Structures are given as structure tokens and as C-alpha cells.
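K.L.:
Input: one structure, supplied below.
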Amino acid sequence: MSAAPAAFEHPILRAATPQAWVVAACAAPDVLLIDHANCEKKAASTALSLMFAYALDLELTDKMSRLAREELRHYEQVVKLLKSLGIAPQRLAPGRYADGLRRLVAKAEPQREVDLMICGAIIEARSCERFLALGGAIGGAAGQLFAGLHAAEARHYKM
Ligand SMILES: [Fe+2]
Ligand SMILES: [Fe+2]
């Protein structure tokens, strides 16, 4: 008889990523890394959009500027790994997850800004949770990369 899995506790995520996702991601490391490079680019681009949308909030624009640069450095790290592993770039359809979240964002301010921050926090928190799982499961240089990115995403979702 196996022990019941430990209850999932997280400040904002309600459920853990299923183990089947981790298994499927590890079985397709090329796609995982190419998709991840896209996610880092998208994170930088979202931070830049927030700088334009909330240009009068200098505290926010400063934080988003730093975030955009950090996400671009993550992108460069992933591309470096893709090159060193000889993985050819390919276009992937974007995932439905972030789009699904953004459809729930209010159109009118001030709720819109709050909703966008919550979406960002949920996306960063999910990355953080998945990087921890991938870092332990995938091994090699990719595992090291994900384990290294984990701490950054933990900072981002708290911000
Ligand atoms: Fe990142
Ligand atoms: Fe991030």
C-alpha cells in the first residue's frame, strides 16, 4: 500500500501540476526547450506592454523594465542551450493557458491592472512550480537550467 500523496500547499496555486505532465514534458525535451524559449520571450514582451499601459507609474515601469531584461537573459540562456544540444528552432503554436487567463481580465480600469498583475503572478508561480519538478526529473544541462530558473520565478510571482 502506498502512502497518500502530500497535500499541495501554495500561496496562490490551487493544484499541483499532474505527474503525467512532467513525464510528457521530459519525453519531448526538444519541444519543451523551444516552447520555453518562447515563454521567456513572451514574459519579456508582457513586461514591456505593462510599461506602456501604466507609463505614469514609475515604480511599476522600473520593476517591469528590470523584469523584461531578466526574462530576455533567460531567453538567451535557453537559446544557448538549444544551440549546444544541436536542437533546430521550429515554430510552435502558442499554448492556450495564458490566453485563457487573459480572457478573464477586466476591460476597465482600475480592475484591469489588478487582473493583469494576478495573471502574471499565476503564470510565474506555475513556471516556478514546474521548473522545480523539471529540474528534478529531466537531468543533464536542461535539468540544471530549469533548477536555476526556479528561484527567479519564485521572486517574480511574489513581485
Ligand atoms: Fe523567466
Ligand atoms: Fe519570470
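K.L.:
Return only the number of the condition from (1) within 27 Å of Gly135 (Cα to Cα); (2) surrounded by 11 or more Cβ atoms within 10 Å (Cβ to Cβ) that Ala6 does not satisfy.
P.N.:
Single failed check for Ala6: (2).
K.L.:
Being among the acidic types (Asp, Glu), more than 10 Å from ligand 1 (Cβ to nearest atom) and touching a residue at least 12 places away in the same chain (Cβ under 8 Å) is the requirement here; does Asp35 meet it? It would help to see each step written out before you state the result.
P.N.:
Numbers: among the acidic types (Asp, Glu): yes; more than 10 Å from ligand 1 (Cβ to nearest atom): yes; touching a residue at least 12 places away in the same chain (Cβ under 8 Å): yes.
Spelling it out, Asp35 is indeed among the acidic types (Asp, Glu), more than 10 Å from ligand 1 (Cβ to nearest atom) and touching a residue at least 12 places away in the same chain (Cβ under 8 Å).
Values quoted throughout were computed directly from the atomic coordinates according to the rules given, and no laboratory measurement underlies them. Just so we're clear, the structure is a prediction, and the values are computed from it rather than from any experiment. Because the Cβ atoms are built from the backbone with ideal geometry, glycine has one as well, and the counts that use them run over all protein chains shown.
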